[in-house]
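The values are calculated or read from the model by the stated rules, or taken from the named source; none is laboratory data. Everything quoted here is computed from the prediction, not taken from an experiment. No Cβ is skipped: glycine too gets one built from the backbone with ideal geometry, and neighbour counts run over all protein chains shown. Side chains are part of the model used for accessible areas, which takes the heavy atoms of the whole protein and leaves out ligands, DNA and RNA. Shrake-Rupley method; radii C 1.70, N 1.55, O 1.52, S 1.80 Å.
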Amino acid sequence: MQALQYVDEELYTALVNIFLTGTDQYTVLVPSNEAFFELYKCLGMTSKDISETGDPGLIRDILQYHVIQERLTLESIVPGNGEIEHKTFYGSSLTFKSDGSIEGRGSNASIDFDLSDISASNGVVHVITEVLLPIELGCAP
């Protein structure tokens, strides 16, 4: 939530309102705390304050890269065989494979099968092992 508020304040994106009051259904891929700590190290951050990056555009892009504008349960998002692509709010697609791995443009992750299909009033949440990056950052978070 801190990241959403930071982006809203700096770039006036209204992302918080989309998720709080919207009636559309979403799938949100939520990185674990450990995944965020690795990203902070990658970005050279010394605190857990996301505004330390000084780049609200990058944070907005990362947030949008973790949201799909439709409700996709684990059964829908992970194919039985092969792979399937789902378009993100960012505009690019993520590739989901039958083993639960996710391929992104700048990084990869895996769905935590024990922490998936968490129902919310406006969609579903799946916890993932890494922060998915829409761009290459030059380090592997």
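Just one of Gly57, Gly106, Gly80, Gly91 is part of a loop (DSSP other than H, G, I, E, B) and touching an Asp or Glu at 6+ places or on another chain (Cβ under 9 Å); which is it? Checking each option against the conditions leaves just Gly106. Against the conditions (1) out of contact with any Asp or Glu (no Cβ under 6 Å at 6 or more places or on another chain); (2) surrounded by 14 or more Cβ atoms within 10 Å (Cβ to Cβ); (3) hydroxyl-bearing (Ser, Thr, Tyr), Ser98 satisfies every one except (2). Contact map, segment 52-71: residues that are open to solvent by 20 Å² or more (accessible area, probe 1.4 Å) paired with residues that are among the acidic types (Asp, Glu), Cβ distance under 6 Å, separation 6+ or inter-chain. Pairs shown: Pro56/Glu10. In this structure, Lys87 qualifies as open to solvent by 30 Å² or more (accessible area, probe 1.4 Å), within 23 Å of Ile18 (Cα to Cα) and at pLDDT 85 or above. Residues of segment 34-54 that are in a loop (DSSP other than H, G, I, E, B) and among the hydrophobic types (A, V, I, L, M, F, W, C): Leu43, Met45. Sub-7 Å Cβ pairs linking a first residue in segment 27-42 that is over 11 Å from Thr129 (Cβ atoms) to a second residue that is assigned to a helix (DSSP H, G or I), at least 6 apart or interchain, are Thr27/Ile77, ordered by first then second residue. The residues in segment 27-42 that are over 28 Å from Ser119 (Cβ atoms) and surrounded by fewer than 17 Cβ atoms within 10 Å (Cβ to Cβ) can be counted, and the count is 2. A search for C-beta distances below 8 Å between a residue of segment 95-119 that is in contact (Cβ under 8 Å) with a residue 24 or more places away in the chain and over 12 Å from Leu132 (Cα atoms) and any residue that is part of a helix (DSSP H, G or I) and open to solvent by 20 Å² or more (accessible area, probe 1.4 Å), counting only pairs 6+ apart in sequence or on different chains, returns Phe113/Leu74; Ser116/Leu74; Asp117/Leu74. A count restricted to segment 123-137 and to residues that are assigned to a loop (DSSP other than H, G, I, E, B), open to solvent by 10 Å² or more (accessible area, probe 1.4 Å) and of a type outside the set (Ser, Thr, Tyr) stands at 4.
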